[in-house]
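I have placed the structure first, in the form of C-alpha cells, so that the comments after it can refer back to it.
The values are calculated or read from the model by the stated rules, or taken from the named source; none is laboratory data. None of these values were measured; they are calculated from a predicted model. Positions of Cβ are generated from backbone atoms using ideal geometry, with glycine treated the same way; all protein chains shown enter the neighbour counts.
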C-alpha cells in the first residue's frame, strides 16, 4: 500500500507526464498547417497514398504530410513560415518541384494547397541524377543546344539531350561568341499546351539575347540541392490560398551576362 506521501508523489509524476504528452500533441505556438490535395498529371484525378515533403531552406528541417486519402486529401501540420523546397513521394516514385514555395501563414492558421504530379519520360528521368551530379560539381549542367534562332521574334528552337527544360528554370546559353543567363519563360514543348521539353525532344524557347545554332544550353543549379536525387517526375502547385507563395525569387539567380550579339 502507498503512503499518503507516496500517493502524492505518484499523482504528481502522472500529472507531469500527462501535461508533457498533451503539450507534445499540440501545434507549435509559431506554426500553422497546410491542407490540400494531390492530383495526377491532369490536375483533377486524385492521387491516393502520396506524401508531401517540404524542407525549410533556412533551418534544414523536413516536414512530411499525412498520406493522401482516396480523394487526394493530405495535411501538413505544424509548419513554420519560411521558404521551402518541396516534392511528393508515392509508391511509384518521387516527384521534385522545379522551384521553391513560400509559406507565410500565421500561427494556428491553415493554408490550402493543391499539387499535381507529372512523370517524366523514362530517358529524362534516368538522366536526372547525372544532371544533379554535374550541377553539384560545376554549378550547371549541359542539357541541350540551340538548333536555330529567329532574330525577328527572338524565338529559338532548342534540342534537349538529357534531363528537361521547363518554365521557371534558369539557364546559361554559351559558346565562343555567346554568353548570357536567363530564366525560362514561354517555353513550348512538343505536346499541345506543354511547357516542358524533355530528353530527346525539341521545343520553342524565347531567348533574352541573340543566339547561334550550336550554342550550348546549361541548366543552372539553384542554391539548394534537389529534394529527391532520382525523381520519377515533376511536382507543380496548381492552386494555393493566401499564405502560400508559388513564385519565390530564387537567391541563386545570377545577373545576366553580356552577349556580343545585340
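Against the definition (part of a strand (DSSP E or B), at pLDDT 95 or above and buried (at least 17 other Cβ atoms within 10 Å of the Cβ)), how does residue 88 come out, yes or no?
So residue 88 passes the test.
In the same structural domain as residue 56 (by TED's automatic domain parsing) and modelled with pLDDT of 95 or more: which single residue out of 162, 112 fits that description?
Of 162, 112, the one residue that is in the same structural domain as residue 56 (by TED's automatic domain parsing) and modelled with pLDDT of 95 or more is 112.
Any idea which of 193, 186, 163, 168 is closer than 22 Å to residue 42 by Cβ and without any contact (Cβ under 8 Å) to a residue 60 or more places away in the chain?
193
Tell me which of these residue 173 doesn't satisfy, since it passes every other one: (1) surrounded by fewer than 15 Cβ atoms within 10 Å (Cβ to Cβ); (2) more than 16 Å from the chain's Cα centre (by Cα).
(1)
Determine, yes or no, whether residue 93 is within 21 Å of residue 199 (Cα to Cα) and not assigned by TED's automatic domain parsing to the domain that holds residue 183.
yes
Those residues that are under 22 Å from the mean Cα position of the chain (by Cα), surrounded by 15 or more Cβ atoms within 10 Å (Cβ to Cβ) and within 15 Å of residue 154 (Cβ to Cβ), I need them from region 186-219; list them, please.
187, 188, 205
Hey, could you check region 39-84 for residues that are modelled with pLDDT under 95 and closer than 30 Å to residue 192 by Cβ and say which is surrounded by the fewest Cβ atoms within 10 Å (Cβ to Cβ)?
Looking at residues that are modelled with pLDDT under 95 and closer than 30 Å to residue 192 by Cβ, I get 42.
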